Amino acid sequence: MMVKLLANFYEFECNLFRTVNRHFDRKYVNFFFRNITHIGGATFTICSLLFLIIFSNHSLKHTAIAAGLSLALSHIPVAIAKKLYPRRRPYLALAEIKVATNPLKDHSFPSGHTTAIFSSIIPFVLFFPPLAILLVPLALCVGISRIYLGLHYPSDVAVGMILGSSTGILSYLLVVPLFS
């Protein structure tokens, strides 16, 4: 029963993955996703948060500190999960997947880019909820980009969203009251 359920989920996930990845050859969509994916990368997230920590004041600075802590903490379970669940990336496991040159070769579960962007934005959304209108769609686009680029399954992205959001909430609740 459980094996059949998991097999059905995997088949559904592969179909969903292919639905997103099949648009890879569209010029403008390709340009968009190849660029937006970097917003979830280490260079962008770390530099952005350091900039805010250094050049902002009071509540915004405290929120940026919470986001930085969240970013750091969120990657502990990512590193552990990648070791415990060495899932091959979709372009390595599935036939006829479209992927850019020089793709990543490490394990796919969970998505580090998605974890990073959600762990970075959630403290800001909690600090100033109207930012959610801008930041949540941006973070979702980063997650979708990981599927579109052939690097992650939808469940990799979903778990990254959960890990990043959880650590973002926890860090915000721990850090911001310290400065209040």
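The values are calculated or read from the model by the stated rules, or taken from the named source; none is laboratory data. What you see is a predicted model; the values in this text were computed from it and never measured. Methodologically, a virtual Cβ is constructed for each residue, glycine included, from the backbone with ideal geometry; neighbour enumeration extends over all protein chains shown. Remember, those area values only see protein heavy atoms, side chains included, never the ligands or the DNA or RNA. Shrake-Rupley method; radii C 1.70, N 1.55, O 1.52, S 1.80 Å.
Residues V136, V159, V175: which one is free of Cβ contacts under 8 Å to residues at least 40 places away in the same chain and among the hydrophobic types (A, V, I, L, M, F, W, C)? Let's see the steps before the verdict.
On the way: V159 fails: free of Cβ contacts under 8 Å to residues at least 40 places away in the same chain; V175 fails: free of Cβ contacts under 8 Å to residues at least 40 places away in the same chain.
None of the other options fit; the residue is V136.
Is one or more of the residues making up region 8-27 modelled with pLDDT of 95 or more, aromatic (F, W, Y) and either within 25 Å of P177 (Cβ to Cβ) or surrounded by fewer than 16 Cβ atoms within 10 Å (Cβ to Cβ) (or both)?
No - not one qualifying residue is present in region 8-27.
Could you list, in sequence order, all residues of region 135-167 that are under 19 Å from L71 (Cβ atoms) and not aliphatic (A, V, I, L, M)?
C141, G143, S145, R146, H152, D156, G160, G164, S165, S166, T167
Within region 34-78, work out how many residues are farther than 16 Å from V175 by Cβ, open to solvent by 60 Å² or more (accessible area, probe 1.4 Å), aliphatic (A, V, I, L, M) and touching a helix residue (DSSP H, G or I) at 6+ places or on another chain (Cβ under 8 Å).
Residues meeting the conditions: 2.
Answer yes or no as to whether V176 is in a helix (DSSP H, G or I) and modelled with pLDDT of 95 or more.
Details: in a helix (DSSP H, G or I): yes; modelled with pLDDT of 95 or more: no.
The answer is no for V176.
Grab the helices (runs of 4 or more DSSP H) fully contained in region 79-158, keeping just those with 3 or more residues being surrounded by 15 or more Cβ atoms within 10 Å (Cβ to Cβ) and not hydroxyl-bearing (S, T, Y).
Helices (runs of 4 or more DSSP H) meeting the threshold: 112-127, 132-148.
Within region 20-68, track down each residue that is touching a residue at least 40 places away in the same chain (Cβ under 8 Å), more than 20 Å from S155 (Cα to Cα) and not in a helix (DSSP H, G or I).
Once the filter is applied, which keeps residues that are touching a residue at least 40 places away in the same chain (Cβ under 8 Å), more than 20 Å from S155 (Cα to Cα) and not in a helix (DSSP H, G or I), region 20-68 yields only D25.
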